[in-house]
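Here's the structure, in C-alpha cells; my notes come after.
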Amino acid sequence: MSTYSSATELYAQSGVDTEAALARLDNIPISLHCWQGDDVGGFEKEGSELSGGGIQATGNYPGKARTSAELRADLDKALSLIPGSHRLNLHACYADLGGKKLDRNTYTAAHFQSWIDWCKERKLGMDFNPSYFSHPLADDGNTLSNKDEGIRKFWIEHGIACREIAAEAGRQIGSPVITNFWIPDGSKDLPVDRKGPRQRLEQSLDTIFSNSLDPALTRDAVECKLFGIGSESYVVGSHEFYLGYAVTRQKLLCLDAGHFHPTESLADKISSVLQFVPEILLHVSRGVRWDSDHVVLLDDPTRAIAEEIVRGGFIDRTHFGLDYFDAASTGSPRG
C-alpha cells in the first residue's frame, strides 16, 4: 500500500476526504511576487537598479533579470514547476517605460500593459503595489506622512494612479486586483512627535481612497509593520494604526509573517481580524530573529497559519501572497 493510500485511510477515520481537500487546494491561487526575481531592482531606470532609501534586500545572485522580458521568462520557469493556477504580484517600480523618463505619479495602465497581456495569455490573476521606496522623494524614509506637503502630494498622486492601474488590470484580466499599500515611514531613533505623522498618514490615505472603485476590479489592502531598516524605533503604519484604519474604512488588512515579533503568532490574529474586516491579505514569509522576510518553509508558524484559515472557514476571505527577499536563492547564471 502506498504512503498516500495509508494516509487517506487514516484521515478518513477522522472524517477527512483527502481527495476533496486536494481539489480545494488546487483552486487556491498564490500570488508570486515579482521582486524576488531581481532583488527589488525594478526596471524604471534603463540598465541600472533603483536607488534611494526605504528598503533593503539581501542577495545578489548571478544572472538576475535585467529586463521585464527576462523576469517574465524566469517567472514562466517557476510557474512551470508549481502545480495549480496562480497570480502575479507586481510592484509599480517594474513599469515598462520604453526608455522614457516618467515619474511614478504619472504612471498609467499603458506602462504595465505588457504585464497585463502576459497574465492574460497565461490565465493568471494579478495583484499590484505602489512603490513608496527607492526614489529621491523617499530618501528620508517618509512618504505619505512626510511633513513636506509637496512630497505628500506626490505620493498621494502615486497611490491614486496605482489604484486606477489596478482597476484597469482587473477589468482586462477579469479578476479583482488586490492593491496593497505598504510605506516605509518611520524613525530610526525615538521621535518627539508620534501623533503628527499618523494624522498625516490617515489624511493621505483618505485622499487616495476617496474615489470609490468597483471591488470586482480592485480591492485595497493596507500593510502594517513592527519596525524596519531605518525605522527601528517608530513605524508610522504600525499594526494598531492599520488595524484601526482597515476596520473603520473596511479595507483589507495585510498581515505579513515577517513583520511581527518572533514570539507573536500571526495565526492567532486571523480570527480576531476577520471579525471586523471583510477580507485579509497574507504575505507568507519567514521572520528570522529580526524584522526579515526569508524563503518560506513548512515550519510550525506557517502550518499554524494554514490550519487557522482552513479550520476557521476563512479560505474565501483570504488572499495569499509571497513576500520574501532573498535573491541569492533563486535564478541561475544568465548568458
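Data table
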| quantity | calculated |
| --- | --- |
| Filter result for Asn142 (in contact (Cβ under 8 Å) with a residue 12 or more places away in the chain and in a loop (DSSP other than H, G, I, E, B)) | yes |
| Exclusive hit being without any contact (Cβ under 8 Å) to a residue 40 or more places away in the chain and touching a Ser or Thr at 6+ places or on another chain (Cβ under 9 Å), set Ser210, Ser292 | Ser292 |
| First in the range 88-103 and among the small types (Gly, Ala, Ser), second anywhere and at pLDDT 95 or above and assigned to a helix (DSSP H, G or I), Cβ under 7 Å, 6 or more apart | Ala92/Arg104; Ala92/Cys162; Ala95/His111; Ala95/Phe112 |
| Residue within the range 167-187 that is at positive phi and free of Cβ contacts under 8 Å to residues at least 24 places away in the same chain present | yes |
| Subset tally (residues that are of a type in the set (A, V, I, L, M, F, W, C), farther than 16 Å from Asn129 by Cα and modelled with pLDDT of 80 or more) for the range 26-60 | 1 |
| Hits in the range 9-32 (condition: farther than 27 Å from Ile280 by Cβ and open to solvent by 90 Å² or more (accessible area, probe 1.4 Å)) | Glu9, Leu10, Tyr11, Gln13, Ser14, Glu19 |
| Restricting the range 109-134 to residues that are over 17 Å from Ser68 (Cα atoms) and either more than 19 Å from the chain's Cα centre (by Cα) or modelled with pLDDT under 95 (or both), the residue that is most open to solvent (accessible area, probe 1.4 Å) | Lys123 |
| Among residues of the range 135-163, those that are within 17 Å of Leu97 (Cα to Cα) and within 18 Å of the chain's Cα centre (by Cα), counted | 3 |
| Some residue of the range 223-231 being of a type in the set (Phe, Trp, Tyr) and touching a helix residue (DSSP H, G or I) at 6+ places or on another chain (Cβ under 6 Å) | no |
| Test: residue in the range 76-84 that is assigned to a helix (DSSP H, G or I), closer than 19 Å to Ile28 by Cα, under 19 Å from the mean Cα position of the chain (by Cα) and touching a residue at least 12 places away in the same chain (Cβ under 8 Å) | yes |
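The values are calculated or read from the model by the stated rules, or taken from the named source; none is laboratory data. Here the structure is a predicted model, which is why all the values come from computation and not from measurement. Backbone-built Cβ (ideal geometry, glycine too); neighbour counts: all protein chains shown. Please note that ligands, DNA and RNA were not included when accessible areas were found on the heavy atoms of the full protein model with its side chains. Shrake-Rupley method; radii C 1.70, N 1.55, O 1.52, S 1.80 Å.
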